[in-house]
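The block underneath contains the structure these notes are about, expressed in C-alpha cells.
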Amino acid sequence: EKSRLTLLGLGAMGTALARAWLAAGHPLTVWNRTSSRAEPLAAEGATVAVTVAEAVTASDLVVICLLDDASVGEALADADLTGKDLVNLTTGTPAQARARAEWAERRGARFLDGGIMAVPPMIGAPESGGYVFYSGSRALFDARHSALAIPAGTVYVGEDPGFAALHDVALLSAMTGMFAGISHAFALIRKEDIAPKDFAPLLVDWLTAMAPSAYEIAGHLESGDYTRGVVSNLAMMVEGNSTLLRTAEEQGVSAELLTPFTALMERRLAGGHGDEGTTGVIDLLTR
Ligand code: NDP
C-alpha cells in the first residue's frame with residue numbers, strides 16, 4: 001500500500017512530478033492556483049483539491065513546487081501544518097530555505113528543502129540521470145525516501161536546510177560559466193566557413209575532457225597547496241589569454257565574456273603565483 005501524498009503547484013515541473021507519482025501508483029492529491037491546470041491530472045487519477053487547506057489535510061506528506069519562495073509563503077499563509085512533512089522543491093536561495101525551515105518548524109511541521117537538478121522531461125525517467133538535492137530533516141528524508149525517489153534520484157547533502165539550494169545554485173553557476181564559454185566559441189567561428197554542427201561535437205568533447213580539472217582544484221583546496229599536480233601553470237595561461245583576446249579582436253567578437261575571468265587570473269599572477277593553476281582565483285573571489 002503506497003502512502004498518499006499532496007502536491008501543491010502544477011506548473012511544468014509540478015505536472016511532471018505528479019505524473020511520475022501517479023504512474024508509480026501513489027495516491028495523489030493536487031492543488032494549483034489556476035485550477036484548470038489540474039484537469040488533465042484528474043483524468044489520470046489524481047484527486048483535485050479546491051483549496052490549499054483541503055490539499056494539506058489530505059496527506060501527511062506535502063510536496064510544494066511553486067514559482068518562488070514568495071509564492072510558497074502566500075499559498076501556505078493560512079494552512080494548518082501541524083504534524084505535516086513538508087518538502088519544498090521550489091527553487092530559492094540558501095537563506096530563503098533556512099528561513100522557510102524555521103517558518104515550517106514554528107508551525108509544527110518537519111521540513112526538507114530540495115533543489116531539482118533536472119528539467120521536466122527528465123522527471124520519472126531514471127535513465128536521464130536527473131536527481132534532487134535534499135537538505136534539512138534527515139528523519140523526514142529517511143521516512144519518506146521511497147516516495148521521494150520516484151520522480152528522480154535523491155542526493156541528501158546535510159541537516160542545514162540551506163545546503164540543497166547552495167549545491168543547486170553552485171552547479172547552476174558553473175553551468176552559467178560553461179554557457180558563456182560556449183557562446184564565445186560559437187561567436188568566434190560564426191562568420192567563417194565552419195559548420196556549427198561540425199564544431200559542436202569538438203566543443204562537447206573538449207569541455208568533457210577539461211571538466212575533471214574540478215578534482216585537481218578540490219585537491220588544492222583540501223591541501224592548501226595550489227601548485228600540486230599543476231600541468232598548465234598560471235604564468236603560461238595568462239600568456240595564452242592574450243592570444244584568446246587578440247583572436248576575439250581579429251574575429252570582431254566582443255571579449256566581454258572572457259575578460260572577467262582573465263582579469264582575475266592576471267591579478268593572481270601579479271601576486272606572485274605563476275606556478276599555480278587557477279585555484280588562487282577562488283581566494284580572490286572570497287576575500
Ligand atoms: P511554471 O512557471 O511552469 O509554474 C509555476 C507554478 O507556480 C504554477 O503552478 C503557478 O500557478 C504557481 N504560482 C506562481 N505564483 C504563485 C502564487 N503566488 N501562489 C500560488 N501559486 C503560484 O514553473 P515550473 O513548474 O517550471 O517551476 C516550478 C519550480 O520548479 C520553480 O521554483 C523552478 O525554479 C523549479 N524548477 C524548474 C525547472 C524547469 O526546468 N522547469 C528545473 C528545476 C527546477 P498558476 O498555474 O496559477 O500560475
Requested in this report: Mind putting a number on the dipole of the chain about its Cα centre? Charges go on the C-beta only, +1 for Lys and Arg and -1 for Asp and Glu, and I need it in Debye to the nearest 20.
Outcome: 540
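Compute the length gained on full extension between Arg33 and Met210: take 0.36 nm times their separation in residues and subtract their Cα-Cα distance, giving the result in nm to one decimal. Mind dumping the intermediate values first?
Values: separation 177, 0.36 × 177 = 63.72 nm, distance 4.47 nm.
In short, 59.2 nm is gained.
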Query raised in the report: When only C-alpha pairs under 8 Å and at least 6 residues apart count, what is the relative contact order of segment 167-286, in percent?
Result: 30
**Report entry** trypsin sites (Lys or Arg not before Pro) restricted to DSSP loop in segment 1-82 with at most 13 other C-beta within 10 Å
**Finding:** Lys2
Query raised in the report: Roughly what angle does helix 234-250 make with the longest principal axis of the chain, taking Cα atoms, 0 to 90 degrees, to the nearest 10?
Result: 90
**Report entry** the chain: angle of helix 163-189 to the longest principal axis, Cα-based, in degrees nearest 10
**Finding:** 40
Query raised in the report: Which ³J(HN,Hα) values in Hz, rounded to whole numbers, follow from the phi angles of segment 63-80 under the Karplus curve 6.51 cos²θ - 1.76 cosθ + 1.60, where θ = phi - 60° and Gly and Pro get x?
Result: 9, 10, 9, 10, 4, 8, 4, 4, 5, 5, x, 5, 5, 9, 3, 10, 6, 8
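Expressed as a fraction of 2.2 N^0.38 Å, the rule-of-thumb size for a compact globular protein of N residues, what is the C-alpha radius of gyration of segment 188-240? Intermediate results must be reported in sequence, preceding the final value.
Numbers: Rg = 15.8 Å, N = 53, 2.2 N^0.38 = 9.9 Å.
Cα Rg divided by the expected 2.2 N^0.38 Å: 1.58.
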Requested in this report: Scan around Val63 for amide H atoms under 5 Å from its own, H built in the peptide plane at 1.01 Å from N, and keep only partners 5 or more places away or cross-chain.
Outcome: Thr6, Leu7, Leu8, Val87
Requested in this report: Using a 10 Å Cβ count of at most 15 others and DSSP loop calls, identify the longest part of the chain lacking such GluC sites (Glu not before Pro).
Outcome: 45-158
Query - Estimated D of the chain in µm² per second, where Rh is the Kirkwood radius over Cα pairs and Stokes-Einstein applies at 20 °C, 1.002 mPa s - result: 98
Requested in this report: Enter the angle in degrees (range 0 to 90, nearest 10) between the Cα long axis of helix 196-210 and the first principal axis of the Cα atoms of the chain, meaning the one along which they spread out most.
Outcome: 90
Query - Theoretical ellipticity at 222 nm over the chain - DSSP helices of four or more residues, -39500 (n - 2.57) apiece, nearest 500 - result: -15000 deg cm²/dmol
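Only four residue types carry charge here, +1 at the Cβ of Lys and Arg and -1 at the Cβ of Asp and Glu. Report the dipole size of segment 1-123 about the Cα centre in Debye, rounded to the nearest 20. Mind dumping the intermediate values first?
Numbers: 11 positive and 14 negative charges, 32 e Å.
That gives a dipole near 160 debye.
Dipole size in debye (nearest 20) for segment 209-282 around its Cα centre, Lys and Arg Cβ +1, Asp and Glu Cβ -1?
Working: 4 positive and 10 negative charges, 11 e Å.
Dipole of segment 209-282, to the nearest 20 debye: 60 debye.
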Report task. Putting +1 on Lys and Arg Cβ atoms and -1 on Asp and Glu Cβ atoms, find which of Ala255, Gly274, Leu284 reaches farthest to the positive end of the dipole of segment 225-287. Result -> Leu284
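None of the figures in this text is laboratory data; all of them are computed from the coordinates on show. Owing to the predicted nature of the structure, the values given are computational and were not obtained by experimental measurement. Glycine also receives a Cβ, built like all others from the backbone with ideal geometry; neighbour counts cover every protein chain displayed.
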